[in-house]
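All remarks here apply to the structure that follows.
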Amino acid sequence: MSPIELPIVARFLLDGPVLPLVIDTVRVAEAFRAAAMSRFNAWCRKQPPAGVERFRRPDRPDYYSSPVLTGKDGTGPYLPGHDHAHFLPTAEGDNGLRVTHVTVYARQGLDFGETAALSGLRQLRVGDLDLRAQLVGLGQPSDFRTALFGGPAAEERVWVSATPYLGPAHVGRSGREHDLRKAIRAEWRRWRPKRLAAVEVEAVEPMDDRDGAWAGRPRPFEFVRGRSRAGDDGYHRPFGTFRLSFSAPISGPLCLGYACHYGLGLFLPVRMIQESGR
């Protein structure tokens, strides 16, 4: 495959007696990432060693790891940028309180090993919940009609928080709202795709629990805001929900801030939320 032909999106539908609550978005994303990594390791073990040697971890010669799925190079350090996989749980059911889908989005592309691992993922355990995961699509964002990518219109100017945005750890209590708005603008400039280099965030407006675009959702402080890893500082970071207006229409996914690869800081087009009645 050439890089142009690589799929960058894998969409999954979750099913089970009880679906995870949207406040557990991070936990769902972590579980899905772990399951995908396990499937990739199992796939590599079935291949001729020479063909997968580049995926062998130096610190664990018996284990294979995909930089695209893990976001780390073979020696452990995190990869810079946002081109590796985002694991984005979304609540697309009628009430918006339970996670129904997980979308894996990797801007650098999902190669044969990653797609084989994801295609073989059938079961997912999140805490005490045993879930079934059904792959419902593999391809480009334009292949999917979902709010995550902008929906049928593909591009939108106004996007609103679907999960809380977590800002930099150094932001203090004084002037927190101003600093969070500033952080959002700076992060957009740093990570926006090259094709959107001229697009700026024109306005960043805080949302409260009474905002129509957030109505019916849990309060932001109820969300799990930390990763399951030693030393995580997610709960010490400032957070909030926001309405972003861009200088020109953009397409998604739009994920900013801490743990954006695990579903936090996710924004959706306000028009599609309004049309869905949530």
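Okay, here's what the table says:
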{"read-out": "Helical mean residue ellipticity (222 nm; -39500 (n - 2.57) per DSSP H run of 4+; nearest 500) of the chain", "value": "-6500 deg cm²/dmol"}
{"read-out": "Principal axis box of the chain, alpha-carbon based, largest edge first, Å", "value": "55, 39, 37"}
{"read-out": "DSSP bridge pairs, the chain: antiparallel proportion in percent, nearest 5", "value": "100 percent"}
{"read-out": "Relative contact order (%) - criterion: Cα under 8 Å, at least six apart; region: segment 206-278", "value": "32 percent"}
{"read-out": "Positive-pole candidate from 99, 246, 8, dipole of the chain, charges at beta carbon", "value": "8"}
{"read-out": "Solitary cysteines of the chain, where the nearest other Cys Cβ is not under 4.7 Å", "value": "44"}
{"read-out": "Binned Cα-Cα distance frequencies in segment 83-196 - 10 Å width, integer %", "value": "10, 33, 34, 20, 3"}
{"read-out": "Under-5 Å amide H pairs with residue 126, H placed in peptide plane, nonlocal only", "value": "131"}
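We did not get these values from a lab; they are worked out from the coordinates using the rules stated. Predicted model, so just to flag it, every value in this text is computed and none were measured. FYI the Cβ positions are ideal-geometry reconstructions off the backbone, even for glycines, and counts take in every protein chain you see.
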